[in-house]
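The values are calculated or read from the model by the stated rules, or taken from the named source; none is laboratory data. Computed from a prediction, not measured in an experiment: that's the story for all the values here. Note: ideal-geometry Cβ built from the backbone for every residue, glycine included; neighbour counts use all protein chains shown.
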Amino acid sequence: MKIDSYVIAKIAGVSQATVSRTFSNPEKVAPATKKKVLDTAESLGYRPDRNASALRRKGTNTILLLYVKREEGHYWTNVKRNYWIFAEAVFSLTSFFEYHPYIFEIQQVNSVYALRESDIKERCDGLIVFDFVTEEEARHIQGWSLPYVLCHRTIQLADYNHSSTDNRVGGMLQAEYLQNKGCSRPLYVMNDEDPFSHVLRKEGFLSVFPEATVVSASDFGYLRNRLSAFTDRAEVDGIAFVNDMLLVQVLSGMQHSSDPLQRGLPVIGYDNSTILQVLESRPASIEIGIAQIYREAAGALLQLMRNEIGSIDLVHPPEIIA
């Protein structure tokens, strides 16, 4: 027996229109009904006919994730250093489009400016941009007259379609975590590797602890020595790191007796990244919500493509993982 939308509708106990709407406009279907339809479809091995959908729309049938590769040393866009972020974004988007009538593809480029609008429009119906873009690049992408969403750290680019995290709020959450642990003399440790978001995290932290000591350097040996001095003299009673990578790099190189984790000092990182697993005792961290950022971006992009909304302004609140 051929499995189509009519069979799905009969078994799920809904109308054929509801089945079609579940795959083409899922945000318009009640969660319980959508789950019933998707569970039925999965049990029968059904997938929507993307080619037929493309012919009806007269489009390319493709959503493109654009990844702009930077210089090798750049923190966020050096995928080799951040596989977990890229993998989480890709997995989230792949899962999302599995039950939507679109093909999901990825394109890496060295420069946004090397892309021609006509080439992009031939490749896709909508564009999701991975992570880091400057305002100049955002303006260039906006000029393509193609539905798009900038993702992850783009809260500063509020004039453009974006789905992002709020780094100021994340910094505040770090401070509130230490505050709830009874800290009054915290230390904030950062570097200048990613000024695009690190400054906002520091601003959020200092809004709660304006007198906090801030240590910033790109030399990890220097940071470790400073941190050892602070902890040895008991000048601080809690430490926040601007990201988990810095936390691990600094603490893993300290003398065991000076390690704040061993001394029982409250410590919190940022990103809730997989790198924390190398530590014997996992510290608290701030969860960015990469999967939700990209999943919400994909859903809003489809609405934008259907002219149901005129712009996208999504800010996903970070949360503490203790």
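The table that follows gives values for the structure above.
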| read-out | value |
| --- | --- |
| Output for region 27-61, where each listed residue is modelled with pLDDT under 75 and in a helix (DSSP H, G or I) | 27, 28, 50, 51, 52, 53, 54, 55, 56, 57 |
| Subset of region 15-34 that is aliphatic (A, V, I, L, M) and within 15 Å of residue 99 (Cβ to Cβ) - its residue that is surrounded by the most Cβ atoms within 10 Å (Cβ to Cβ) | 19 |
| Residue count, region 299-316 (criterion: under 16 Å from the mean Cα position of the chain (by Cα) and closer than 17 Å to residue 100 by Cα) | 3 |
| Matching residues, region 101-149, being in contact with a Cys (Cβ under 7 Å, 6 or more places away or on another chain) and either surrounded by fewer than 17 Cβ atoms within 10 Å (Cβ to Cβ) or part of a strand (DSSP E or B) (or both) | 128, 129 |
| Count - residues of region 246-269 that are assigned to a loop (DSSP other than H, G, I, E, B), more than 13 Å from residue 228 (Cα to Cα) and modelled with pLDDT of 85 or more | 2 |
| Residue satisfying all of: in region 213-223; of a type in the set (A, V, I, L, M, F, W, C) and part of a helix (DSSP H, G or I); modelled with the highest pLDDT among these | 223 |
| Sole exception among (1) outside the structural domain of residue 197 (by TED's automatic domain parsing); (2) within 21 Å of residue 92 (Cα to Cα); (3) not β-branched (Val, Ile, Thr) for residue 271, by number | (1) |
| Residue within region 181-191 that is touching a His at 6+ places or on another chain (Cβ under 9 Å), closer than 21 Å to residue 250 by Cα, surrounded by fewer than 17 Cβ atoms within 10 Å (Cβ to Cβ) and at pLDDT below 90 present | no |
| Residues satisfying the stated conditions in region 270-310, i.e. of a type in the set (S, T, N, Q) and part of a helix (DSSP H, G or I) | 274, 277, 292, 303 |
| Restricting region 192-212 to residues that are modelled with pLDDT of 90 or more and not in a helix (DSSP H, G or I), the residue that is farthest from residue 260 (Cα to Cα) | 210 |
